[in-house]
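S.K.: Below you'll find the structure I mean.
The values are calculated or read from the model by the stated rules, or taken from the named source; none is laboratory data. In this text, all values refer to a predicted model and were calculated from it rather than measured experimentally. Cβ placement follows ideal geometry from the backbone for every residue including glycine, while neighbour counts extend to all protein chains displayed.
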Amino acid sequence: MTAPAARLALDGRPRDPKSRPVRSRRNRARYALVVLAFLLPSAIPLLAFTLGPMIAALWVSLNQWNLLAPMKFIGLGNYAKLLSDPQTGDVFLHTLYYVAGYLPIVYIGGLALALALNTALKGRSLLRGIYFLPVVTSWIVVALVWRWLLSPSSGVVNTVLGFFGIAGPGWWTDPNWAMPSIIIASAWKDLGFVMIILLAGLQAIPTDMYDASKMDGAGWWRRLFSITLPLLSPSTFFVLVISLINGFQVFDQVYAMTGGGPNGASEVVVEQIYDMTFRYGEAGEASALSWILFVVILAVTVIQVRGQRRWVTYG
Amino acid sequence: MADALLDLGARRARGIPKAPRSRASRARLAGFIVLHVVIIAGAVAMFFPFLWTIITSITPGATLTNAPALIPTDPSLEPYVRLFTERPFVQVVLNSLLLAAITTAVQLITSSTAAYAFSRLPFRGQGFVFAIYLATMMIPLQVLIVPLFVELKTFGLLNSYLGALLPTFASAFGIFLLRQAINQVPRDLDEAATIDGAGHFRIFFQVVLPNIRPALATLVVFSFMSSWNSFLWPLIVLRSPELQTLPIALAALQGQYISDWDVIMAGSVVSVIPMLALYIFAQKYVVQGVASSGIK
């Protein structure tokens, strides 16, 4: 991405000796106007509503502020308070628990689905549609439905379990089962998204590679591990990066399914940021926690990008 | 599902997995059947919550403890009538449609113009600017809540549609998606148009945009979906009941009508229908759009 840019000439055109036009100052000004015309519609909202607020959040995090009274500068006080508060560790642990439970399920499930729906099944566009349906459904709806399915006394899941003589747990009403309930609903919702990304990746793999390896007598598992997975590694990488970024930002489902309860058992980082800001009026501390979360996500993403050379092969 | 089953029959009738002669082909047939059974069972399990939602929404009086029968004995649209008469749900659906339509339209403009600039208009520092654009994808919305709230409060835009809309106007995801697509449009086309005397604006409208339709359709689905389902920001900005969007109204329904699950589920069905229609309209483009984005 930076390499071509580094080769740009001063007049804003690629340095290409053959076709480089001699440009007058007036032409250059006109070219700059064209670039601005194409870039400003996106640059203005990004600067005003993403980058600007982000820098502002850093400043807010250095202050004590309840959103109403004037800010009071306290330096790193909010960060010190957060780091000494055991609840900070708890909300990060709950978030990690979510990510660790959710990621393997959606990746393995999504991969299996993509492999199956990439075969010559007919009616597969209907099947793809069904598996994709939860992706386009609002979290609020999914949470409502799953709260009901997992209702301890009369929910469908416990009724079915009871049919087999198993006493189902209290799901979202039980501190030990609240997070697994959220993970199950989340996996159900996101399976189709992972499936679509991996399906697109599978379709980009040339079929002659499979033909050649079949001739060599390689079995299905062998082809999976020696052709499919390596060639699918860029998609896998994309899914992991996106899922981890989204996983650390988990909020909607927690808010709608448990509200962080029972007894704070499923309180995650963003739920905590939300509560601090709008329930307890601690905007400074909330901004500090936001920045800690951002740095964690950035670190995780950078580690993934660095590590990708070891296992991601770009065709 | 029935479609897939029929199809299995048709496939076998056509003899596609040939009549089992050798052990290998018998194993292949077994694998074929197992695959279908597992995939279809999975689809049934996937679809079950939707089915349950639909059944509940046409069973008046269904509650958390008084679950409806799988085949409703006395189906009725009364919950839908109650949803739209007792609550301002017509307004709520219109609000959501309006916000999603504006977000989608604006994102199509901002994403395609920016993508054209990054793909076709080289300028000094382009790589750096693009890296910053991409980095905004990694900033969680939650980091921005407090300063955005203050910013919009300063401008007096709290509790207004504009306040809910402004932060959604540019999407780094959309720009990235479309840039990858534009990169794949052959440059010969631009050059031919340039020789004909076309400027960048004409090339953009007449050459590039018609060639990236699948990516544009993909962006429409993702933009519309993210706006239609967005919860946190509208919850904070849109405080008046008459401005509420669907996800917020549904969450509120849950609090107020704790026992009226039929009405809640009717609201859920209503919220899924537009997205389902959009997906059906765009589905042939979506896989293609993701595939050509270079994400592979």
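S.K.: The conditions are (1) of a type in the set (D, E, K, R); (2) within 8 Å of another protein chain (Cβ to nearest Cβ); (3) in a helix (DSSP H, G or I), and residue B:124 fails exactly one of them. Which is it?
M.R.: Evaluating residue B:124 over (1) of a type in the set (D, E, K, R); (2) within 8 Å of another protein chain (Cβ to nearest Cβ); (3) in a helix (DSSP H, G or I) leaves (3) as the failure.
S.K.: Looking for something surrounded by fewer than 22 Cβ atoms within 10 Å (Cβ to Cβ), within 23 Å of residue B:102 (Cα to Cα) and touching a helix residue (DSSP H, G or I) at 6+ places or on another chain (Cβ under 8 Å) - is there at least one such residue anywhere in segment B:180-197?
M.R.: no
S.K.: So which residues in segment A:158-180 are aliphatic (A, V, I, L, M), surrounded by fewer than 18 Cβ atoms within 10 Å (Cβ to Cβ) and part of a helix (DSSP H, G or I), if there are any at all?
M.R.: Scanning segment A:158-180 gives A:160, A:161.
S.K.: Okay, moving on. Which residues, counting only those in segment A:170-189, are within 21 Å of residue A:109 (Cβ to Cβ) and either of a type in the set (S, T, N, Q) or at pLDDT below 80 (or both)?
M.R.: Once the filter is applied, which keeps residues that are within 21 Å of residue A:109 (Cβ to Cβ) and either of a type in the set (S, T, N, Q) or at pLDDT below 80 (or both), segment A:170-189 yields A:181, A:186.
S.K.: So, one more: Is it the case that residue B:168 is closer than 29 Å to residue A:238 by Cβ, surrounded by 16 or more Cβ atoms within 10 Å (Cβ to Cβ), modelled with pLDDT of 90 or more and β-branched (Val, Ile, Thr)?
M.R.: Taking the combined requirement at face value, the residue satisfies it.
S.K.: If you check A:277, A:313, A:236, which single one turns out to be part of a helix (DSSP H, G or I) and in contact with a helix residue (DSSP H, G or I) (Cβ under 7 Å, 6 or more places away or on another chain)?
M.R.: A:277
S.K.: Then there's this: Filter segment A:248-272 down to the residues that are of a type in the set (A, V, I, L, M) and either over 28 Å from residue A:69 (Cβ atoms) or more than 18 Å from the chain's Cα centre (by Cα) (or both) and list them by number.
M.R.: Within segment A:248-272, A:250, A:254, A:256, A:257, A:265, A:268 qualify.
S.K.: Right, here's the next one. Can you give me the number of residues within segment A:116-132 that are under 21 Å from residue B:29 (Cα atoms) and assigned to a helix (DSSP H, G or I)?
M.R.: Selection size over segment A:116-132: 4.
S.K.: It is to be established whether one or more residues within segment B:143-157 are over 20 Å from residue A:246 (Cβ atoms), modelled with pLDDT of 90 or more, more than 10 Å from chain A (Cβ to nearest Cβ) and surrounded by 18 or more Cβ atoms within 10 Å (Cβ to Cβ).
M.R.: no
S.K.: Continuing with this model, one more query. Collect the residues in segment A:126-152 that are more than 7 Å from chain B (Cβ to nearest Cβ) and without any contact (Cβ under 8 Å) to a residue 40 or more places away in the chain, keeping them in residue-number order.
M.R.: A:150, A:152
S.K.: Can you spot a residue in segment A:86-93 that is at pLDDT 90 or above and either under 30 Å from residue A:230 (Cβ atoms) or among the acidic types (Asp, Glu) (or both)?
M.R.: Yes.
S.K.: Can you tell me which residue is farthest from the other protein chains (Cβ to nearest Cβ) among those in segment A:36-87 that are among the β-branched types (Val, Ile, Thr) and surrounded by fewer than 19 Cβ atoms within 10 Å (Cβ to Cβ)?
M.R.: A:74
S.K.: Identify the single condition in (1) within 12 Å of another protein chain (Cβ to nearest Cβ); (2) surrounded by fewer than 17 Cβ atoms within 10 Å (Cβ to Cβ); (3) among the acidic types (Asp, Glu) that residue A:252 does not satisfy, given that it satisfies every other one.
M.R.: For residue A:252, the exception is condition (2).
S.K.: Against the definition (assigned to a helix (DSSP H, G or I) and surrounded by fewer than 24 Cβ atoms within 10 Å (Cβ to Cβ)), how does residue A:289 come out, yes or no?
M.R.: no
S.K.: With respect to the numbered conditions (1) assigned to a loop (DSSP other than H, G, I, E, B); (2) touching a helix residue (DSSP H, G or I) at 6+ places or on another chain (Cβ under 6 Å); (3) farther than 27 Å from residue A:145 by Cβ; (4) of a type in the set (Ser, Thr, Tyr), which one is the sole condition not fulfilled by residue A:266?
M.R.: Exception for residue A:266: condition (3).
S.K.: Going through A:247, A:260, A:264, A:192 one at a time, which residue ends up being more than 14 Å from chain B (Cβ to nearest Cβ) and modelled with pLDDT of 85 or more?
M.R.: Step by step, each of A:247, A:260, A:264, A:192 is checked, and only A:264 is more than 14 Å from chain B (Cβ to nearest Cβ) and modelled with pLDDT of 85 or more.
S.K.: Under the condition of being among the aromatic types (Phe, Trp, Tyr) and within 22 Å of the chain's Cα centre (by Cα), which residue from segment B:134-179 is farthest from residue A:46 (Cα to Cα)?
M.R.: The selected residue is B:161.
S.K.: Another one. Based on this model, can you work out whether residue B:6 counts as closer than 30 Å to residue A:193 by Cβ, modelled with pLDDT under 60 and surrounded by fewer than 15 Cβ atoms within 10 Å (Cβ to Cβ)?
M.R.: Criteria met by residue B:6.
S.K.: Checking residue B:290 against (1) modelled with pLDDT of 85 or more; (2) of a type in the set (A, V, I, L, M); (3) surrounded by 21 or more Cβ atoms within 10 Å (Cβ to Cβ), only one condition comes out false. Which one?
M.R.: (1)
S.K.: For segment B:208-221, give me each residue that is surrounded by fewer than 20 Cβ atoms within 10 Å (Cβ to Cβ) and among the hydrophobic types (A, V, I, L, M, F, W, C).
M.R.: Those that are surrounded by fewer than 20 Cβ atoms within 10 Å (Cβ to Cβ) and among the hydrophobic types (A, V, I, L, M, F, W, C): B:209, B:217.
S.K.: Can you find, within segment B:95-121, the residue that is surrounded by the fewest Cβ atoms within 10 Å (Cβ to Cβ) among those that are within 7 Å of chain A (Cβ to nearest Cβ) and not polar (S, T, N, Q)?
M.R.: Top of the filtered list is B:109.
S.K.: Which residues, counting only those in segment B:196-226, are more than 11 Å from chain A (Cβ to nearest Cβ) and under 30 Å from residue B:158 (Cα atoms)?
M.R.: Passing the criteria: B:219, B:220, B:223.
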